[in-house]
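We did not get these values from a lab; they are worked out from the coordinates using the rules stated. None of these values were measured; they are calculated from a predicted model. Because the Cβ atoms are built from the backbone with ideal geometry, glycine has one as well, and the counts that use them run over all protein chains shown.
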Amino acid sequence: MSVPRSSRLFIASPGDVASERDALDRVVREVNQTHGAPLGYVIELWRWETHAVPGGGRPQAVINDQIPEYDIFIGIMWRRFGTPTGVAGSGTEEEYRIAYFQPR
């Protein structure tokens with residue numbers, strides 16, 4: 001039995017799209033079960049609210065330091081831009097800048 005190929009997906013988004021992040025989580029689980037298992041791949045979803053742990057220092061920097069390497073970046077926006085981080089207009093913007101200018 002071979003080890004499944006894996007791709008990590010990172011979601012960046014402000015707080016007003018929690019239901020959309022939850023929907024993406026459900027879609028990824030369904031894709032993994034219906035297509036991934038038979039074809040030998042898995043998509044790993046990384047979400048700041050479920051994977052990052054609290055720490056000291058600038059809050060967004062704490063999250064940024066914990067974001068693992070990823071293959072796919074998805075940014076979800078709606079009405080809210082997010083909270084300024086001192087480095088960018090929001091945590092979502094800061095995560096986007098990292099994805100665009102410093103791919104992992």
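So that you can scan it fast, the table gives a plain yes or no per residue for (1) touching a residue at least 60 places away in the same chain (Cβ under 8 Å); (2) aromatic (Phe, Trp, Tyr):
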site: Ile72; (1), (2): yes, no
site: Arg80; (1), (2): yes, no
site: Ala88; (1), (2): no, no
site: Phe101; (1), (2): no, yes
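When only residues in the stretch 83-95 that are surrounded by 18 or more Cβ atoms within 10 Å (Cβ to Cβ) and among the polar types (S, T, N, Q) count, which is nearest to Ala23 (Cα to Cα)?
Thr92
Residues in the stretch 63-74 that are outside any helix (DSSP H, G or I) and either β-branched (Val, Ile, Thr) or surrounded by 13 or more Cβ atoms within 10 Å (Cβ to Cβ) (or both): how many? Quick ask: steps written out before the conclusion?
Within the stretch 63-74, the subset outside any helix (DSSP H, G or I) is 67-74.
Of the ones still in play, those that are also either β-branched (Val, Ile, Thr) or surrounded by 13 or more Cβ atoms within 10 Å (Cβ to Cβ) (or both) are 67, 70-74.
Within the stretch 63-74, residues that are outside any helix (DSSP H, G or I) and either β-branched (Val, Ile, Thr) or surrounded by 13 or more Cβ atoms within 10 Å (Cβ to Cβ) (or both) number 6.
Go through the stretch 34-82 and report how many residues are within 18 Å of Arg21 (Cβ to Cβ) and more than 17 Å from the chain's Cα centre (by Cα).
2
For the stretch 41-57, which positions are over 20 Å from Ile74 (Cβ atoms) and surrounded by 12 or more Cβ atoms within 10 Å (Cβ to Cβ)? Show your work before the answer.
Within the stretch 41-57, the subset over 20 Å from Ile74 (Cβ atoms) is 53-57.
Answer for the stretch 41-57, where residues must be over 20 Å from Ile74 (Cβ atoms) and surrounded by 12 or more Cβ atoms within 10 Å (Cβ to Cβ): just Gly55.
What do you reckon, is Gln60 among the polar types (S, T, N, Q), surrounded by 13 or more Cβ atoms within 10 Å (Cβ to Cβ) and not in a loop (DSSP other than H, G, I, E, B)?
Here the answer is yes, as Gln60 does meet what is asked.
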